[in-house]
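The block underneath contains the structure these notes are about, expressed in structure tokens.
All of the numbers you see were taken from the coordinates with simple rules; none came from a lab. On a predicted model such as this, the values are computed, not experimentally measured, just so you know. A quick note on method: Cβ atoms are made from the backbone with ideal geometry, for glycine too, and the neighbour counts reach across all protein chains shown.
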Amino acid sequence: MMFRTACLIAAWCVGAAALAGEPTNLPRSAPEAQGVSSSALLSFVEAADATQTMHSLVVLRHGQVVAEGWWSPYAAESPHSLYSLTKSFTSTAIGFAVAEGKLSIDDPVLSFFPELAPKEPSENLKQMRVRDLLSMNAGQTGEVDFWHTDEVTKAFLSHPVPFKPGTHFMYNTPASYMLSAILQKVNGVTTEEYLTPRLFEPLGFGEIHWEKSKEGVSQGGFGLSVRTEDIAKLGQLYLQKGNWNGSQVLPAAWVQAASLRQTSNGSNPNSDWEQGYGYQFWRCRHDGFRGDGAFGQFCVVLPKQDAVIAITSGVGDMQGVLNLVWDELLPAFEKDALPEDAAAHDALQKKLAGLTLIPLKNSVEGAEEKIAGKTFEFPENDQKLESAALETDDAGTTLILKLRGEEQRVAIGNGEWKKGRMTYGVVGEQPVAASGGWTAADTFTAKLCFYETPFIATLKLTGQEGDRLMLESKFNVGFGPTALGPIEGMAKK
């Protein structure tokens, strides 16, 4: 958990590379032509919409997109943080490297970094292989807290290995980092650069970002951002056993090995996290497999149904998202094509086109004289927030925050999302969409949606007697506490 929290804080501070190029789109089809009921899809979308936690959705059947939608301000062209879904891309890169003879999954991990080995490596460390990293069986019992060192690989190799590798499952994000470090060692380029001509370009990915460590290594276990459609493309590639447009892009043998149950991780029949683990892919109920990431980023592959479901979210209950897929979407896949249903199809398309996270708006007359036009200064605080102000004019309301010595200005839409850029909390500078309004006689509430991430912050600015302001804020999700504050400020004289 400590490692994941550090990742959240540091993710926006490390440089990220972007891939430019014209993306290519998957083919589209009416759902009924692919054996999927528009009415059933509509029921699924309506159930997802009611949660107000889903950010995007792409459903593929027989290689055709039969439903797609983005909850505004999230959009089709925007990449979205994948978190641990990144691991499945790293696994794919290992598959390419194995096929090219760059490495074997039975190679000892130490063989790649002899210069970084401990002076007296343990027998278990000596026995750790690439396959043990892939299947989360490295033999460690805790994630090494190595984010704060510049020697990440060395820190991992110095971490205790109390279990014989291959015998003890433990979900281990640093193990995924090691896979990326190994790839860079054998290929001479980052994992991102290695995958570009082998995966991203052949499949026509759009804009991507992949964060790097202080060692210059693509983060193997998190840090990748791609479009939702490109998540679906990865799933479709695996569904097609590595074949893409008639070419064998990824060896079928790798697809089979990576998606099969390589290790046991529990026995609860109702948990999608206890169905077994492959090579950086989870097994699912209903004989499926998936890549997934924190807060509900999913690439679900269902071979029996010949279907792929890509989802991005900002949710704490990830099992709830999968339950919704099993309960509402899985029964929609029929064996044969269905008769046309124009009315249901039109209703589905209308719903998908109008999806939005509900923006905030004025609900009462505000106490502008208490807050608007004044700058409130805060005493020293953990948030590093120095001051806050609301400006109102004919163009609307602007929230101004001074954070870590830098002024952040963001336009606030009243009943609509207005886009800008800003930093807030643990989120570094990002595109943001903001809405807000007076939600009580003395309170202005702003919602800040960082729409290339799962994070949405809600800020409440409440006027107090004596020219004081109380600021409370809370994120929708987080690896640690989501509430920040409250902190009290005084009007600047």
Stretch gain in nm, segment HIS148-ASP382, where the contour uses 0.36 nm per residue and the Cα spacing is subtracted: 82.3 nm
Quote the relative contact order of region 95-202 in percent (integer), defining contacts as alpha-carbon pairs under 8 Å separated by 6+ residues. 27 percent
Anchor LYS304: lysines whose Cα lies under 16 Å away (excluding residues fewer than 8 positions away in-chain): LYS241, LYS335
Taking GLU472, GLU365, GLU452, GLU46 and counting other C-beta atoms within 10 Å, the order from fewest to most: GLU365, GLU46, GLU472, GLU452
Rounded to the nearest 0.05, FRET efficiency between GLU77 and MET490 (Cβ-Cβ, R0 35 Å) equals 0.20
Charges at C-beta only: +1 for Lys and Arg, -1 for Asp and Glu. How large is the resulting dipole of region 375-491 about its Cα centre, in Debye rounded to 20? 440 debye
Relative contact order %, the chain, counting alpha carbon pairs below 8 Å whose residues are six or more apart: 17 percent
Where in region 268-285 does the label zone of GLN319 land, with the point 7 angstrom along Cα→C-beta and an amide N cut-off under 11 Å? 268-274
Candidate aspartates and glutamates for bridging to LYS212, where Cα separation is under 18 Å - those fewer than 8 sequence places away on the same chain excluded: ASP145, ASP150, GLU151, GLU192, GLU193, GLU429, GLU452
Filtered hits (aspartates and glutamates, Cα-Cα < 13 Å from LYS374, offset >= 8 within chain) -> GLU391, ASP467
Estimated FRET transfer efficiency when R0 is 56 angstrom, pair ALA441-ASP287 (beta carbons, to 0.05): 0.50
Reduced to Cα centres, the span from region 423-468 to region 291-359 in Å works out to 30 Å
Packing rank of 436-446, 52-62, 108-118, where each peptide gets the mean count of other beta carbons within 10 Å, highest leading: 52-62, 436-446, 108-118
Anisotropy class of the chain from Cα gyration tensor, a/c 1.5 cut: oblate
I need the phi-derived Karplus couplings for region 484-490: 6.51 cos²θ - 1.76 cosθ + 1.60, θ = phi - 60°, integer Hz, Gly and Pro marked x. 10, x, x, 10, 10, x, 10
Listed peptides 90-98, 402-410 by packing density, highest first (mean Cβ within 10 Å): 90-98, 402-410
Of LYS370/LYS447; LYS418/LYS474; LYS87/LYS418; LYS119/LYS214, which ones are farther than 28 Å apart at the Cα? LYS87/LYS418
Dividing the mean separation of Cα pairs under 8 Å (6+ apart) by the residue count of region 375-491 yields a relative contact order in percent of 18 percent
So what is the calculated 222 nm ellipticity per residue for the chain, using -39500 (n - 2.57) for each DSSP H run with n of 4 or more, over all residues, to the nearest 500 deg cm²/dmol? -6500 deg cm²/dmol
